[in-house]
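A.B. asks: Here it is: the structure, laid out below.
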Amino acid sequence: MSRIILSKTLSNIFHLQFTVVLLLIAFIGVGSNHALSQTRQITVQVECRAPDADFVIFVWGFNGWKLDKTFEPASPTKIEKNTYRTPMTKHGDRFVLEIPVPAGKVLNWGFLMGRKNAPKSKYFSQKSAFVDSTMAPLIVTEELIATDEELGYDKKAMLITLSLIGVFLLLGLLFIFSGLGKVFGFEPYGDYQLRVPMNNQLTYGLLITIAIIHVVVLIGSAGFIHYYRQIGEDWASGGPIMIFLVQFSLARENNAAVWYSSMVFFLAGLVALLAFWGVYNVRDNKAQIRTAWGWLILGGLFVGLSADELGSIHERLGMLQELNVTGDGAPGWIDLFAIPGGLVGLFMLWFFYQNFRRQKKSFFMLVLGVLALVSIFFQENFEVSSMRAATNPETWRRPIWQIILEEGSELLAVWCFLAAFVNLVYRLSLQKSLQNSLAAPEIVVPVKPAILIGLSYILVALSVFGTGIFSPLLEYGIEGGDNGMTSNWFPSMLAFIGAALSWLVWNAEKQNKKPAYLILALILLCLSMYYGAAFRFWFTGRNWGPISSIVVFESTLLLGIVYFAFKEVINYQKKWQIVFFSIWLVGLTVALFFPGKATGIRDLWPFGFILPVLIAEWMEKAE
């Protein structure tokens with residue numbers, strides 16, 4: 001009996017030891033397999049010849065350009081736009097690189113090449129290969145040849161850009177500092193009294209109209225986001241209606257809603273400039289002179305916000321590693337602009353307190369506007385924190401109400417500013433009209449015609465610089481960020497100014513006001529939207545049956561301008577106005593029907609001819 005028990009005990013011990021050994025072997029095997037899986041990498045040796053490039057970046061991904069969450073690429077590889085990007089080392093006209101990649105996957109790769117003094121870059125030779133763990137190092141060789149235009153360094157275009165900047169800048173300086181105004185029928189330094197009408201019907205009508213459009217845009221934004229998510233964010237399945245719905249969304253870029261928001265900021269800047277003139281003209285002491293210059297600063301600030309709204313400037317600057325002090329990716333703008341934004345907010349509160357503290361309603365609206373604008377920093381920061389805290393940040397979507405709250409805060413801020421600014425200008429115009437016994441309240445702007453036309457030329461020169469030099473550096477020289485196009489803002493802004501001038505000319509007609517200038521103002525406003533909302537991008541290839549929708553839109557604008565020419569231009573007394581208007585019409589026709597790849601200098605130079613025509617008409621009718 002004891003032997004049987006001993007035998008069973010030994011047997012149990014043997015089985016227990018055998019089981020432990022098997023478990024150890026299994027554990028070691030799993031660990032070995034895990035270690036092997038971690039070390040199953042091969043070396044990819046990349047060599048390419050690119051004599052035209054200053055830099056080449058190897059762009060790669062796996063299984064259809066996807067990222068591998070279990071794979072940590074070694075420095076200097078970075079993850080940008082859901083791809084791995086590794087800068088290659090230059091040796092003469094060749095670029096070389098060695099990187100380890102995990103085996104058992106399809107490796108997709110391409111090249112991003114460019115020049116240091118040119119912002120654009122281009123992908124070449126996108127290829128793929130299966131990476132087998134048994135293979136020798138994968139060798140990738142390529143020869144990359146590109147033209148100057150493909151690399152963003154078009155010498156001809158740059159020469160034309162610099163020439164136009166020089167010509168318009170020279171014209172502007174000649175008008176301001178010489179007697180060139182005599183050629184155009186003006187005394188070079190003769191004073192004109194330009195009048196900007198202000199009345200209750202105009203001011204309240206403007207503010208109510210903008211408030212209604214604000215509400216429509218916010219509802220449209222919510223509707224588009226909801227519909228887009230309902231179709232699984234698959235643009236193709238949304239159908240043609242997507243092109244229409246997206247125009248109402250502030251959550252996207254380069255559309256009618258964003259153009260509208262940008263131009264409201266620009267309008268606030270123009271009203272601030274009117275406040276500068278109004279305060280400067282009724283000044284009684286040095287303190288009021290300082291106040292006037294403060295309005296000039298505010299005007300420039302709102303013009304800058306207008307450009308930023310359309311061009312995604314702050315988001316792009318936040319992508320620069322040199323400026324992005326704490327963040328990675330587009331949210332870096334929050335850290336970059338937090339302190340400057342706070343200082344601007346403090347300046348605005350101080351300035352508004354100094355000038356509006358006795359006008360409680362206006363002061364309340366201005367404080368509300370500052371708080372709404374500053375709150376965007378906190379809302380954006382909350383969005384980034386929520387995304388990073390999500391279980392799966394890639395599939396996380398911001399709640400619609402939060403998007404509308406942020407966009408609504410921005411619209412509320414600009415409306416509050418605009419309402420207070422308009423109210424101030426109205427009060428100043430009322431004060432001036434009582435002093436001078438004017439029939440109706442208006443802001444009187446004493447100007448010298450030659451200087452005003454000269455400034456319009458300088459503005460066109462700055463726009464050519466912004467579109468031809470600054471915008472490419474911003475849009476192509478900085479990887480990532482939002483995709484707003486600064487180059488679209490400049491022609492949009494010039495067309496908006498043209499629309500404002502046309503309306504002023506129409507309003508300056510003393511009696512029997514003809515609709516021609518009002519029609520021209522509407523046409524120029526549509527042209528501003530055409531550029532600012534990137535209609536050329538949205539509607540090219542979208543047809544109404546056999547008819548191209550973009551051609552219909554462009555042709556309608558040009559037919560309206562031709563109608564205006566037959567109604568008004570042929571009656572101009574000054575020959576140069578007829579010549580300038582004709583040049584503008586021809587230049588605009590070429591720009592609309594023979595566009596380049598993007599908004600460029602061909603869209604800008606015609607404004608150097610229409611703006612002086614409208615300024616001259618305003619002067620003549622306002623006197």
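A.B. asks: Specify the residue that is most open to solvent (accessible area, probe 1.4 Å); the eligible residues are those in the stretch 561-605 that are closer than 30 Å to N483 by Cα, part of a helix (DSSP H, G or I) and not hydrophobic (A, V, I, L, M, F, W, C).
C.D. replies: Among those that are closer than 30 Å to N483 by Cα, part of a helix (DSSP H, G or I) and not hydrophobic (A, V, I, L, M, F, W, C), it is R602.
A.B. asks: For the stretch 16-27, does any single residue satisfy the condition of being surrounded by 10 or more Cβ atoms within 10 Å (Cβ to Cβ), out of contact with any helix residue (DSSP H, G or I) (no Cβ under 7 Å at 6 or more places or on another chain) and modelled with pLDDT of 50 or more?
C.D. replies: Checked the stretch 16-27: no residue is surrounded by 10 or more Cβ atoms within 10 Å (Cβ to Cβ), out of contact with any helix residue (DSSP H, G or I) (no Cβ under 7 Å at 6 or more places or on another chain) and modelled with pLDDT of 50 or more.
A.B. asks: Testing R283 on (1) at pLDDT below 65; (2) surrounded by 16 or more Cβ atoms within 10 Å (Cβ to Cβ), one condition comes back false. Which one is that?
C.D. replies: (2)
A.B. asks: Among the residues of the stretch 39-81, which ones are touching a residue at least 40 places away in the same chain (Cβ under 8 Å) and assigned to a loop (DSSP other than H, G, I, E, B)?
C.D. replies: Once the filter is applied, which keeps residues that are touching a residue at least 40 places away in the same chain (Cβ under 8 Å) and assigned to a loop (DSSP other than H, G, I, E, B), the stretch 39-81 yields R40, A50, P51, D52, A53, D54, N63, G64, W65, K81.
A.B. asks: Keeping to the stretch 165-179, report how many residues are under 10 Å from A461 (Cβ atoms) and open to solvent by less than 40 Å² (accessible area, probe 1.4 Å).
C.D. replies: Qualifying residue count for the region: 4.
A.B. asks: Separate question: Looking for something in contact (Cβ under 8 Å) with a residue 60 or more places away in the chain and surrounded by fewer than 12 Cβ atoms within 10 Å (Cβ to Cβ) - is there at least one such residue anywhere in the stretch 244-254?
C.D. replies: Among the residues of the stretch 244-254, not one is in contact (Cβ under 8 Å) with a residue 60 or more places away in the chain and surrounded by fewer than 12 Cβ atoms within 10 Å (Cβ to Cβ), which makes the answer no.
A.B. asks: Please identify the pairs in which a residue from the stretch 607-623 that is farther than 12 Å from F580 by Cα and of a type in the set (K, R) has its Cβ atom under 8 Å from the Cβ atom of a residue that is open to solvent by 10 Å² or more (accessible area, probe 1.4 Å) and modelled with pLDDT under 85, counting only partners at least 6 apart or on another chain.
C.D. replies: As it stands, the answer is K621/A508; K621/E509; K621/K510, since those pairs meet every condition given.
A.B. asks: Being modelled with pLDDT of 85 or more and open to solvent by less than 10 Å² (accessible area, probe 1.4 Å) is true for just one of L558, L611. Which residue is that?
C.D. replies: L611
A.B. asks: I would also like to ask the following. Test of understanding: among I208, I213, which residue is hydrophobic (A, V, I, L, M, F, W, C), modelled with pLDDT of 90 or more and surrounded by fewer than 13 Cβ atoms within 10 Å (Cβ to Cβ)?
C.D. replies: I208
A.B. asks: Is it the case, given these coordinates, that L202 is touching a helix residue (DSSP H, G or I) at 6+ places or on another chain (Cβ under 6 Å) and closer than 26 Å to S409 by Cα?
C.D. replies: no
A.B. asks: Could you grab me the full set of residues in the stretch 442-485 that are surrounded by fewer than 17 Cβ atoms within 10 Å (Cβ to Cβ), modelled with pLDDT of 85 or more and within 30 Å of T203 (Cα to Cα)?
C.D. replies: Residue satisfying the conditions is L455 alone.
A.B. asks: Also: Taking the criterion of being assigned to a helix (DSSP H, G or I), within 24 Å of L405 (Cβ to Cβ) and either among the charged types (D, E, K, R) or at pLDDT 85 or above (or both), would at least one residue in the stretch 318-334 satisfy it?
C.D. replies: The answer is no; no qualifying residue exists.
A.B. asks: Looking for whichever is modelled with pLDDT of 95 or more and part of a helix (DSSP H, G or I) here; the options are F276, F266, F224. Which one fits?
C.D. replies: Result of the check over F276, F266, F224: F266.
A.B. asks: Need pairs with beta-carbon distance below 6 Å; first residue in contact (Cβ under 8 Å) with a residue 40 or more places away in the chain and within the stretch 225-243, second outside any helix (DSSP H, G or I); sequence gap 6+ or separate chains.
C.D. replies: Taking only residues 6 or more apart or on different chains, the pairs are I225/A251.
The values are calculated or read from the model by the stated rules, or taken from the named source; none is laboratory data. Predicted model, so just to flag it, every value in this text is computed and none were measured. Glycine gets a Cβ as well: all are built from the backbone with ideal geometry, and neighbour counts include every protein chain shown. Side chains are part of the model used for accessible areas, which takes the heavy atoms of the whole protein and leaves out ligands, DNA and RNA. Shrake-Rupley method; radii C 1.70, N 1.55, O 1.52, S 1.80 Å.
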